[in-house]
Amino acid sequence: MEIDEYRRMAQVEHSHWWYDSTRRLLQQLLAAEVASGGRFLDVGAGEVASAAILAEAFLKEAAFVTIGTNDLTQFTLAMDRGHPRLSPRADALDPAVLHLIARTSAAARRYGIPAAVCGALAGDLAAVPLLLGLGVGELSVGAGQAPSVKARIREVSLDACRALAVRALEATTAAEVRALLSEAGGTS
């Protein structure tokens with residue numbers, strides 16, 4: 001069996017230097033396979049706020065971006081998701097997290113590359129229209145969630161999703177965002 005395309009994600013930990021170094025190392029490691037006809041696609045994942053804020057710089061040479069919302073939420077809100085008292089407060093619908101998703105998605109659009117979201121938020125049916133409105137084009141969910149997420153996508157209009165995103169980005173708390181999602185026909 002031949003593999004003709006490689007997708008590797010270089011997780012951006014904190015700086016363009018880190019991403020660029022990781023990307024170069026991955027390219028070197030896969031050079032033999034690529035030379036035999038395979039195609040290597042690389043990416044910086046905006047899972048920390050600094051990477052999302054500097055998405056314009058990181059995504060210039062990327063082929064796609066995947067935004068890991070579990071880590072992004074934890075790092076943006078400075079709340080350890082493993083901590084019993086803090087984890088319930090680490091909400092991916094916090095407007096600070098949503099602004100970073102929107103910023104990363106906008107940078108991806110500028111460079112003509114796909115923006116995906118993975119993590120718990122990608123499978124939250126109430127949040128699906130919001131993510132689409134923020135410019136996310138792909139949602140990475142478990143196989144069991146895929147049919148319901150696809151069905152949810154088919155139920156909404158992109159114009160309504162964009163309008164919802166504008167309103168959500170004006171919110172100041174995750175509770176306000178959840179109320180907007182509820183009003184828009186989702187449950188959260």
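Structural remarks
- Out of R152, R109, sole residue that is in contact with a helix residue (DSSP H, G or I) (Cβ under 9 Å, 6 or more places away or on another chain) and either of a type in the set (K, R) or within 15 Å of A52 (Cα to Cα) (or both): R152
- Enumeration of residues in the stretch 157-168 that are in contact with a Leu (Cβ under 6 Å, 6 or more places away or on another chain) and either within 14 Å of D91 (Cα to Cα) or in contact (Cβ under 8 Å) with a residue 24 or more places away in the chain (or both): C161, L164, A165, A168
- Scanning the stretch 106-119 for residues that are over 11 Å from the mean Cα position of the chain (by Cα) and in a helix (DSSP H, G or I) returns A106, A107, R109, R110.
- Residue within the stretch 62-81 that is acidic (D, E) and over 22 Å from E170 (Cα atoms) present: yes
- Which listed residue, of A92, A57, A51, A62, is surrounded by fewer than 16 Cβ atoms within 10 Å (Cβ to Cβ), among the small types (G, A, S) and either touching a helix residue (DSSP H, G or I) at 6+ places or on another chain (Cβ under 6 Å) or modelled with pLDDT under 85 (or both): A57
- In the condition set (1) modelled with pLDDT of 65 or more; (2) on the phi < 0 side of the Ramachandran plot, A32 is compliant with all but (1).
- On the stretch given as the stretch 133-188, residues that are among the polar types (S, T, N, Q) and either within 17 Å of A96 (Cβ to Cβ) or assigned to a helix (DSSP H, G or I) (or both) total 4.
- Residue identified as modelled with pLDDT of 90 or more, at positive phi and surrounded by fewer than 15 Cβ atoms within 10 Å (Cβ to Cβ) among G112, G135, G142, G119: G112
- Of all the criteria given as (1) crowded, with 16+ Cβ neighbours inside 10 Å; (2) out of contact with any strand residue (DSSP E or B) (no Cβ under 9 Å at 6 or more places or on another chain), the one not satisfied by P147 is (1).
- Test: residue in the stretch 137-152 that is farther than 27 Å from A175 by Cβ and within 11 Å of the chain's Cα centre (by Cα): yes
The values are calculated or read from the model by the stated rules, or taken from the named source; none is laboratory data. Note that the structure is predicted; figures quoted are calculated from it, not measured. With ideal geometry, Cβ positions are generated from the backbone for all residues, glycine too; neighbour counts draw on all protein chains shown.
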